[in-house]
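Have a look at the structure below before the remarks.
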Amino acid sequence: MPDKRRRSHKIRSGLLRILGVIILLYLLVSISPSNSVRMTIALIGHPKVAMKVTPVHDSDASSALGANIYTIPVRDAFNGAGISHLSIFEIHTILIFHIATPTYDHLA
């Protein structure tokens with residue numbers, strides 16, 4: 001009986017360590033707004049697009065929408081998160097970390 005408890009405790013603690021490392025890596029990647037856009041693209045399910053795009057801060061869209069907006073080129077736009085031709089991301093900042101959320105093109 002003690003062996004089973006010890007084994008399940010080791011498995012549980014190992015899974016918690018792996019989860020902690022994943023969360024830490026996500027937080028480290030999300031320090032830069034452009035990297036948080038790439039991370040969001042990869043999490044939506046398009047890692048190839050995430051590796052090749054260069055998100056750019058769009059000051060015109062940011063001032064028009066009153067938000068911090070990053071865009072990717074329209075030729076690299078993809079379908080995801082219920083939005084077709086996804087190319088615009090709003091950046092939310094929490095302390096030093098950034099979270100990118102896909103948004104509709106309100107200006108089109």
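Given Cα pairs under 8 Å that are at least 6 residues apart, what percent is the relative contact order of the chain? Could you put the intermediate results ahead of the total?
Values: 133 pairs, mean separation 23.2, N = 108.
Relative contact order here is 22 percent.
Rounded to the nearest 500, what is the chain's calculated 222 nm mean residue ellipticity when only DSSP H runs of at least 4 contribute -39500 (n - 2.57) each, over all residues? Could the numbers behind the result be given before it?
Numbers: 4 runs with 53 residues, N = 108.
Mean residue ellipticity at 222 nm (helix-derived): -15500 deg cm²/dmol.
Using alpha carbons only, how many degrees (0 to 90, rounded to 10) separate the axis of helix 33-44 from the longest principal axis of the chain?
So the inclination is approximately 70 degrees.
About its Cα centre, what dipole magnitude does the chain give when the only charges are +1 on Lys and Arg Cβ and -1 on Asp and Glu Cβ, stated in debye to the nearest 20? Mind dumping the intermediate values first?
Working: 11 positive and 6 negative charges, 244 e Å.
Its charge dipole is roughly 1160 debye.
Work out, step by step, the length gained on full extension between Ile94 and Ile22: first 0.36 nm times the residue separation, then minus their alpha carbon distance; give nm to one decimal. Each step should come with its number before you reach the end.
On the way: separation 72, 0.36 × 72 = 25.92 nm, distance 1.86 nm.
24.1 nm is the gain from fully extending Ile94 to Ile22.
Any idea what Rg and Dmax come out to for region 31-103 if you just take the C-alpha atoms, in Å?
11.3, 33
Sorted by average packing, counted as other Cβ atoms within 10 angstrom per residue and highest first, what order do 12-23, 40-51 take?
Details: 12-23: 10.0, 40-51: 16.4.
Going by the mean number of other Cβ atoms within 10 Å, highest first, we get 40-51, 12-23.
On full extension of the chain, what length is gained from Arg6 through Thr54, given 0.36 nm per residue of separation minus the C-alpha to C-alpha distance? The partial results should precede the final answer.
Values: separation 48, 0.36 × 48 = 17.28 nm, distance 4.76 nm.
Taking 0.36 nm per residue and subtracting the Cα distance, the gain is 12.5 nm.
No value in this document is a laboratory result; all are computed from the given coordinates. Since the model is a prediction, treat every value here as computed from it, not as a measurement. Counting neighbours? That spans all protein chains shown, and the Cβs are built from the backbone with ideal geometry, glycine included.
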